[in-house]
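The values are calculated or read from the model by the stated rules, or taken from the named source; none is laboratory data. Worth saying up front: this structure is predicted, and the values here are computed from it rather than measured. FYI the Cβ positions are ideal-geometry reconstructions off the backbone, even for glycines, and counts take in every protein chain you see.
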Amino acid sequence: MAFNDRNSGGFRGNRGPREMTKVTCSDCGVETEVPFKPTEGRPVYCRDCLAKHR
């Protein structure tokens, strides 16, 4: 097997679709979806606000 052949399907290729969770952005209050279950007590940001916090 050649090196380039190992990851031809991509890392998530075998897992199927990711489950999305609806959340409210901790900064702007917009409803959005994230590909993980948020941890209680930790802020969750929409795509725009996340870029500001990085």
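Points to keep in mind about this one:
- Residue tally, condition of a type in the set (A, V, I, L, M, F, W, C) and touching a Cys at 6+ places or on another chain (Cβ under 8 Å), over the range 18-37: 3
- Matching residues, the range 1-38, being charged (D, E, K, R), at pLDDT below 70 and in a loop (DSSP other than H, G, I, E, B): 6, 12
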